[in-house]
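See structure below.
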Amino acid sequence: MQCTRRLLGPPGIFKRSLEDVKRFVGIATRLEAVTGPTRPYDLIFFKDKSSIEQCKTMSDADMGGFSTVHLDYIPAKDSEPAHARFHGTISTELPRNKPHIVRSGYAGWATQDRKPTLFGRGFWDFDPYTHLCLNVLSDGRKYFVNIRTDSIVASDVHQHQLTAKQPGKWETVVIDLKEFVRTNQGEVVEPQSEMLRESVKSVGISLLDRIPRPFELKISRVWIANLNGDVEFRHDQLHGSEDLENEKISPTTRRRRSNLPDKILM
């Protein structure tokens, strides 16, 4: 009985299942199973305070380091949309009495892992979509977008740099899902393998530049879109991804475009 109560707790297994039903019915009525989705699908929309509860934060402080991290809800005002404020201070000071830790200085946040529905395990299905989109206001630092899937290797993370072309201004950054690079335990994995798009557990953002000073990134919305047919965008309105076509990209090229270093902190 205790397990049942947890499943029925907020946001609720029935609510999650109903949302899936509505989505599947919409796909069927619009014939998107044949043509592909024509509408974006929100992964996290920071339009109210409860959206923050769908996320978690992490930093080197979890292992004894000294970086700080916060994810706060900011209501809409003036020309700014409602958003989450990801902020804190990076510290590269090493934890005391832990000689096995030789590098420090990172912070991040991610959505909580998807919970089960009446239809089975709760994963996002990215397979019908081509791009990940984020509406952000960046301070210009070196942030990375992280995608976790139901991989055989649980510690695998697919990453791509969040490249803001207008720091200090709100903008939409668009990343081709083909350009995410597989990493594990802080290192790029070779040979690369395709992301398990049909079983995505969470998405998030991390700061890995190890520059010891305060940081701030504002995020209003994260979603996936099929730019081959999405009615919300035109290609000339997008930036952040070098390739909007369906060409094949080699693992080496993907790694270079993702701007991942040889070794990163996670």
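The table below gives the values:
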{"read-out": "Within segment 127-156, tally of residues that are over 20 Å from LEU71 (Cα atoms) and either of a type in the set (Ser, Thr, Tyr) or modelled with pLDDT under 95 (or both)", "value": "12"}
{"read-out": "Residue in segment 200-222 that is of a type in the set (Phe, Trp, Tyr) and either modelled with pLDDT under 95 or in contact with a Lys or Arg (Cβ under 6 Å, 6 or more places away or on another chain) (or both) present", "value": "yes"}
{"read-out": "Count - residues of segment 167-193 that are in contact with a strand residue (DSSP E or B) (Cβ under 8 Å, 6 or more places away or on another chain), surrounded by fewer than 20 Cβ atoms within 10 Å (Cβ to Cβ) and assigned to a loop (DSSP other than H, G, I, E, B)", "value": "7"}
{"read-out": "ARG6 being in a loop (DSSP other than H, G, I, E, B) and modelled with pLDDT under 95", "value": "no"}
{"read-out": "Scope segment 134-157; condition buried (at least 18 other Cβ atoms within 10 Å of the Cβ) and in contact with a helix residue (DSSP H, G or I) (Cβ under 9 Å, 6 or more places away or on another chain); matching residues", "value": "PHE144, ILE147, THR149"}
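The values are calculated or read from the model by the stated rules, or taken from the named source; none is laboratory data. Note that the structure is predicted; figures quoted are calculated from it, not measured. Cβ atoms come from the backbone with ideal geometry, glycine included; neighbour counts cover every protein chain shown.
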